[in-house]
1. Could you estimate the translational diffusion coefficient of segment 80-278 from the Stokes-Einstein equation, with Rh from the Kirkwood formula over C-alpha pairs, at 4 °C and 1.567 mPa s, in whole µm²/s?
2. When we measure straight from the Cα of LYS52, which aspartates and glutamates land under 17 angstrom away, once same-chain ones fewer than 8 places off are left out?
3. Determine the calculated [θ] at 222 nm for the chain from helices alone, applying -39500 (n - 2.57) to every DSSP H run no shorter than 4 residues and normalising by the residue count; nearest 500 deg cm²/dmol.
4. Going by average Cβ neighbours within 10 Å, how do the peptides 106-118, 55-67, 255-267 rank, with the highest at the top?
5. Nothing charged except the Cβ atoms of Lys and Arg (+1) and of Asp and Glu (-1): what's the magnitude of the dipole of segment 80-278 about its Cα centre? Round to the nearest 20 debye.
6. Could you work out which residue, out of THR13, THR225, THR244, moves most in a Gaussian network model of the chain, that is, has the largest mean-square fluctuation with Cα springs under 10 Å?
7. Helix 265-278 sits at what angle to the longest principal axis of the chain, using alpha carbons and giving 0 to 90 degrees rounded to 10?
8. For the chain, build the charge dipole from Cβ charges (+1 Lys, Arg; -1 Asp, Glu) around the Cα centre, then report which of ILE35, ASN258, SER82 sits farthest towards its positive end.
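What follows draws every value from the coordinates through simple rules; no lab data is involved. Please read all numbers here as calculations on a predicted model, not as lab measurements. Cβ: placed from backbone, ideal geometry, glycine included. Neighbour counts: every protein chain shown.
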Amino acid sequence: MNNLVLSLAPKFTKLQVLNLRQDTPQLQDDAIEMISNYCRDLQDLDLSKSFKLTDYSLYALAHGFPNLVRLNISGCSAFSDSALAYLARFCRKLKFLNLCGCVRGATDTALKALGYYCNQLQSVNLGWCEKIGDAGVTSLANGCPNLRALDLCGCVLITDESVIALATNCPHLRSLGLYYCQNITDRAMYSLAQSGVKNKREMWESMRNRYNGEGLVNLNISQCTALTPPAVQAVCDSFPALHTCPGRHSLIISGCLNLTSVHCACAVQAHRTFPAIAHPAH
Ligand SMILES: [Zn+2]
């Protein structure tokens, strides 16, 4: 595969989308350098599971692709945080970034650079980046007000501060993954439930936006074992698109045995309409 990329890259100078996802890692830095030299219009690049790539590839990307919008480097575990921070300085048009499993590179240092330079980010996957803490997530939330999806699954260090920063600064957030973030408490849930609301006028604005399709549509709090039913119910009540019912299941609480009493509006409606169906004469 590496040789194929080396030979083809010079012939595809207008390429905009390139998927080099691999099951067996073969890509090496020289292939990325070749792409960076010839495919300058590239906007969407998938390099997931390229274990053999080193920081050298990120430097090549940084210089080759100022217009990159979408980058998937999930599972590229060799990249360092300084190289990721370097990439952020040059690829400022990034909107979609998948760093899932970049355990070594995705640190607070890298997130601070992303929050500072890449203000157009809309979707960031930081799954299992275990070194990330509140300082990094807060910087990202402050710098990226257009954030719509953030996956923090398995980011075991983050606390309520991260969620509060997101609830405060990212009004368009629609999907949030907090699987196994066991430091998260009810405080984070209440901040989400009240997000964007500082006064009465904003409260009405926020309610209207939520019924018009804004607001959380996916929330994964599986294994967040410190949460209690009233706080999670408040989030569920606040965002009409969150469901616990089997068909839709967009509020994911599996593994939280104490949250089985939390239900979406469907459960209440089903309870109300059932007697009407059972006794049509009334
Ligand atoms: Zn439902």
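1. 75 µm²/s
2. Once the sequence-local aspartates and glutamates are set aside, what remains near LYS52 is ASP23, ASP29, ASP30, GLU33, ASP81.
3. Rounded to the nearest 500, it is -11500 deg cm²/dmol.
4. Per-residue mean Cβ counts within 10 Å order the peptides as 106-118, 55-67, 255-267.
5. Here the size comes out at about 580 debye.
6. THR13
7. For 265-278 against the chain, the angle is about 40 degrees.
8. ILE35
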